[in-house]
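Data block below; observations after.
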Amino acid sequence: DGWRQGKLRRKVLIVDDSIVTRKMVARAFEKANFIVDTAENGVEGVNKMKESIYDIAFMDIDMPVMNGFDATKALRMWEDSVRPGARQPICALTAAHVDDFDREELMKFKDAGLDVMESKPCNIPRLFKVVDDVSPMFSDLSINAIQHSDEGHFDMVTA
């Protein structure tokens, strides 16, 4: 577990309409010394990802207000225009069994801009592995986000 300990604490976002899922996943990551934010629908999740950079966001697919596909598409469009080259990793959480998906279903996830898929109920050790596998790619960008509250957007500086 040493990879989770360091000078900079890692940060995750959990976007799920189920309070049980949000609490269970949040508790596990908080115990591992992560900074954890939560959102209960896609609109809240997109807004949080516009305001902050996360090592990864775990995004439920089936949610009210805005589902995980639409939320991811909205974020990807915003990223392309406001912070090109800085892509927030997103792991889809779906009640369907991922191994049972056919190619067409898998393409729907890819086309939405989702990076990884995990089945629910959540397997916490697998979610930690997803963070370990995905976030180093993102962290290597060495992104500094400076928010201009008067303009409501970020200026991205890559090292």
The set of residues whose placed amide H lies less than 5 Å from the amide H of ALA57, leaving out same-chain residues fewer than 5 positions away, is LEU13, ILE90, CYS91
Rounded to the nearest 0.05, what FRET efficiency do ARG27 and ALA95 have when you use their Cβ-Cβ distance and R0 = 22 Å? 0.60
With 5 Å bins from 0: P(r) over segment 49-129, alpha-carbon pairs, percent: 3, 14, 26, 25, 18, 10, 4, 0
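We did not get these values from a lab; they are worked out from the coordinates using the rules stated. Because the structure is predicted, anything quoted here is derived from the model rather than measured. Cβ coordinates were reconstructed from backbone atoms using ideal geometry, including for glycine residues, and neighbour counts include every protein chain displayed.
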